Amino acid sequence: MNREAASEWCERGIAGLVVAMLVFSALATGAVRTLEFLVVQALVVGVLLLWLARLWLETRPRFFWPPIGWVVLAFTLYAVGRYATADIERVARQELLRVLIYAALFFAVLNNLERPETLKFIVRVMVFVAMAVAAYALYQYLAGYNRVWHFINPYKNRGSGTFINPNHLAGFLELILPAGLAYVLAGRERKPVLTIFMAYALLVGLAGLAVSFSRGGWISTTLALTVFFGVLVFQRRFRWPAVAVLTLLLILGTVFIKQNLMSKYRLERIFTRGEVNTELRSELLKPALAMWRENLWFGVGPAHYDYRFRQYRPATVQARPDRVHNDYVNTLTDWGLVGVGLVAAAWIMAGLGAVRSWRHLDREENQRNRGSDRLAFVLGASCALLAILVHSLTDYNMHIPANAMLVVVWLAGLTSQLRYGSHRAWVRSPLLVRGAGSAGLLACAGYLLWQGQVGAREHVWLERARRAELNSDTQLEALLAAFRIDPLNADNAYNIGEVYRSRSWAGEGDYVSEAETAMEWLDRSMKLNPHDPYAPLRYGMCLDWLGRSAEAEAYYNRADALDPRGHYIAAHIGWHFLHVQDYPAAEAWFERSRRLKWEDNEMSERYLQIIRERMLDAATNPLAPPLWSAPHAGARVREPGR
């Protein structure tokens, strides 16, 4: 086998791995969980190694490096620098891995999968994957099936396919429908039967989008298809097929909305104030903007929003939000103005490149008066990216790996079309390409491989800990093994401390030694994650347990400062006052906890009843001890609301 043939096989291998990555992540609940993302990470390493082999197999290697390449590289380097200065190393490292994977995927597609037939193959595969996922969503909706594989789906009466959240299914489908439709109407297809099958698959995908009942997905897809058909209507050779398909879609959409009560309700709520879901999105934006105003240029840190949220949370939100339901604000909060500026520059360059490619290809294909695969990809990918940009105003699809990688592939494929109109973006020096390229690919692949094996080994031990009996020796040994693998994981340190604390409170062995060991691990967790209120809270509880309540007050104050409007923290501060027999203060804190969370607040309800019984006993029994007894003298835990 000669070097050219081997290089071609490497190219096919890269295409296969990219397709496998996109398909697997879509079917594996978006690849949001650790194990599934590790599989994606391994596939990216394979892509980088095959690309490295191509560099040394080609006799005249070269890089295609348009201006957007510098912006992507700049953001990647910025992510590395921001990781080095982040407050929570483990969280920032996980986000850095995503940035590296997306950047590697972008450059790999840009330089290896530029052929029109390769991009067409990727679109075809994803169209049929979208059909399968949408069919699953239809089954969930029609049969009232509330599972996604073996997971429970919390969204009733909505189809989510292989995604947990229906909005993420909508984001996935809106990225594929315009791209597939472009090949059906404007592509060059020699097999009409395949075109018919693609049209049917797209129709099923559209039905899946409908039963997701994602208003953001509906609006963004409608806007994208409006632009799509608006462009085709002005193309003489595509005008009448486009009008026919548009008419069919309008009829189907009108019938669905009129016949389906759920769709009417969802659309009406767009213009109605007071909906819980809408209010929640608004409540998540306010803390994000408050964080950003305190960290204008560089943000609070990669993926730090969820960890900093408690300090800024409104009283109406007692759950962890994970992300802002707005990708723009989320990026601003995590990465600051510098990060947003780089991301915006990349999108602007991609948009300008799409316009430039369209003009060049349209002028070229007009002379042939027939369909064009290159033209179809530019139109379809551009409209798909427009859809996700609109949808990102109300959701966080760009933080779902399956959708984010699809966006990256479309962006890279769209940018690669610039090679047909200009030769200025090529780097042709064999020494520079092979030297710098090999170093970069090896460094990225090596780091991803190293972190992948660390993550895989840690995941194995954490799974063993999850399945073991609670607070058992088996669970403790598994958690300790996981921490030895990644000693910068604050969550593992906290969980180890919790095991020791629970065993101490259960009276197993030497309870004093167990509590002191728990405090050592909780102190380690506080240092690894200075924004977690639960580690100082548990530390204070250990001090109370050991009879050192005066020392505990500083840790309760710290927990309250980190989560001043959290019902869980308020309830445990109430427990502290109950422990030191300051019943009026305990009652105030438990009442505060109950005001913050009326439902499912069993701890506050139970202890309030105990406190009132003791206060009543003290009021009616002259021999009862005073409500404010000596052990509490000198306490300085601040009162609730101050």
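Among the conditions (1) in contact with a Lys or Arg (Cβ under 7 Å, 6 or more places away or on another chain); (2) in a helix (DSSP H, G or I), P61 misses just one, which is (2).
Number of residues in region 20-37 that are in contact (Cβ under 8 Å) with a residue 60 or more places away in the chain and either crowded, with 20+ Cβ neighbours inside 10 Å or small (G, A, S) (or both): the value is 9. As an exercise: evaluate R320 against (1) in a helix (DSSP H, G or I); (2) on the phi < 0 side of the Ramachandran plot and give the number of the one condition it does not meet. Failing condition for R320: (1). Taking the criterion of being aromatic (F, W, Y), at pLDDT 90 or above and under 17 Å from G180 (Cα atoms), the residues of region 215-241 that qualify are F228, F229.
Taken together, R147, R98, R158 contain a single residue that is at pLDDT 95 or above and out of contact with any Leu (no Cβ under 8 Å at 6 or more places or on another chain), which is R98. Just one of (1) more than 27 Å from G455 (Cβ to Cβ); (2) surrounded by fewer than 21 Cβ atoms within 10 Å (Cβ to Cβ); (3) within 22 Å of the chain's Cα centre (by Cα); (4) hydrophobic (A, V, I, L, M, F, W, C) fails for W149. It is (1). Being among the polar types (S, T, N, Q) and without any contact (Cβ under 8 Å) to a residue 40 or more places away in the chain is the filter here; which residues of region 1-19 pass it? Hit for region 1-19 is N2, nothing else. For region 114-166, the tally of residues that are under 30 Å from L418 (Cα atoms) and not acidic (D, E) stands at 15. Taking the criterion of being loosely packed, with under 15 Cβ neighbours inside 10 Å and among the β-branched types (V, I, T), the only residue of region 598-618 that qualifies is I610.
Conditions (1) touching a strand residue (DSSP E or B) at 6+ places or on another chain (Cβ under 7 Å); (2) assigned by TED's automatic domain parsing to the domain that holds L97; (3) surrounded by 16 or more Cβ atoms within 10 Å (Cβ to Cβ), marked per residue:
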position: P401; (1), (2), (3): no, yes, yes
position: A404; (1), (2), (3): no, yes, yes
position: V408; (1), (2), (3): no, yes, yes
position: L411; (1), (2), (3): no, yes, yes
position: G437; (1), (2), (3): yes, no, yes
position: V454; (1), (2), (3): no, no, no
position: H459; (1), (2), (3): no, no, yes
position: R467; (1), (2), (3): no, no, no
position: L470; (1), (2), (3): no, no, no
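Which ones in region 110-121 are closer than 16 Å to V23 by Cα and either surrounded by 22 or more Cβ atoms within 10 Å (Cβ to Cβ) or in contact with a Lys or Arg (Cβ under 6 Å, 6 or more places away or on another chain) (or both)? Even if it seems obvious, please write down each step before you answer.
Residues of region 110-121 closer than 16 Å to V23 by Cα: 118-121.
Result: L119, single match.
Taken together, the residues in region 163-193 that are among the hydrophobic types (A, V, I, L, M, F, W, C) and free of Cβ contacts under 8 Å to residues at least 12 places away in the same chain amount to 1. Do we find a residue being in a helix (DSSP H, G or I), at positive phi and either in contact with a Pro (Cβ under 6 Å, 6 or more places away or on another chain) or not hydrophobic (A, V, I, L, M, F, W, C) (or both) anywhere in region 334-343? Looking for residues that are in a helix (DSSP H, G or I), at positive phi and either in contact with a Pro (Cβ under 6 Å, 6 or more places away or on another chain) or not hydrophobic (A, V, I, L, M, F, W, C) (or both), one finds at least one in region 334-343, hence yes.
Determine if region 391-411 includes at least one residue that is among the small types (G, A, S), touching a residue at least 24 places away in the same chain (Cβ under 8 Å) and over 24 Å from W218 (Cβ atoms). No, because not a single residue in region 391-411 is among the small types (G, A, S), touching a residue at least 24 places away in the same chain (Cβ under 8 Å) and over 24 Å from W218 (Cβ atoms). Looking only at residues of region 305-348 that are β-branched (V, I, T) and touching a Phe, Trp or Tyr at 6+ places or on another chain (Cβ under 7 Å), we find that the one that is farthest from A84 (Cα to Cα) is V324. Quick one: is V44 under 19 Å from R98 (Cβ atoms), among the aliphatic types (A, V, I, L, M), at pLDDT 95 or above and surrounded by fewer than 22 Cβ atoms within 10 Å (Cβ to Cβ)? Taking the combined requirement at face value, the residue does not satisfy it.
Looking only at region 481-490, which residues are in a helix (DSSP H, G or I) and either free of Cβ contacts under 8 Å to residues at least 12 places away in the same chain or surrounded by fewer than 17 Cβ atoms within 10 Å (Cβ to Cβ) (or both)?
If we filter region 481-490 for residues that are in a helix (DSSP H, G or I), which is where we start, we get 481-485, 490.
Matches in region 481-490: R484 only.
With respect to F37, determine if the residue is aromatic (F, W, Y) and at pLDDT below 95. Here the answer is no, as F37 does not meet what is asked. Figure legend. Inter-residue proximity from region 194-216: first residues free of Cβ contacts under 8 Å to residues at least 60 places away in the same chain, second residues surrounded by fewer than 24 Cβ atoms within 10 Å (Cβ to Cβ) and not in a helix (DSSP H, G or I), beta-carbon distance below 6 Å, spacing 6+ or different chains. Indicated pairs: T195/E189; F213/R158. Looking at L414, L449, which one is within 30 Å of D491 (Cβ to Cβ) and at pLDDT 90 or above? Every option except L449 fails the conditions.
Going by the structure shown, is R82 assigned to a loop (DSSP other than H, G, I, E, B), basic (K, R) and either under 26 Å from the mean Cα position of the chain (by Cα) or at pLDDT 95 or above (or both)?
Details: assigned to a loop (DSSP other than H, G, I, E, B): no; basic (K, R): yes; either under 26 Å from the mean Cα position of the chain (by Cα) or at pLDDT 95 or above (or both): yes.
Answer is no for this residue.
Could you tell me which residue of region 580-597 is surrounded by the most Cβ atoms within 10 Å (Cβ to Cβ), considering only residues that are within 37 Å of the chain's Cα centre (by Cα) and assigned to a helix (DSSP H, G or I)? Working first, answer last.
Residues of region 580-597 within 37 Å of the chain's Cα centre (by Cα): 589-597.
Subsequent filtering for residues that are assigned to a helix (DSSP H, G or I) retains 589-596.
On the way: W589: 27, F590: 29, E591: 16, R592: 21, S593: 27, R594: 19, R595: 15, L596: 22.
Checked region 580-597; the qualifying residue surrounded by the most Cβ atoms within 10 Å (Cβ to Cβ) is F590.
Being surrounded by fewer than 16 Cβ atoms within 10 Å (Cβ to Cβ) and of a type in the set (S, T, N, Q) is a description that applies to T474.
The values are calculated or read from the model by the stated rules, or taken from the named source; none is laboratory data. A quick note: this is a predicted structure, and the numbers were derived from the prediction, not measured. Note: ideal-geometry Cβ built from the backbone for every residue, glycine included; neighbour counts use all protein chains shown.
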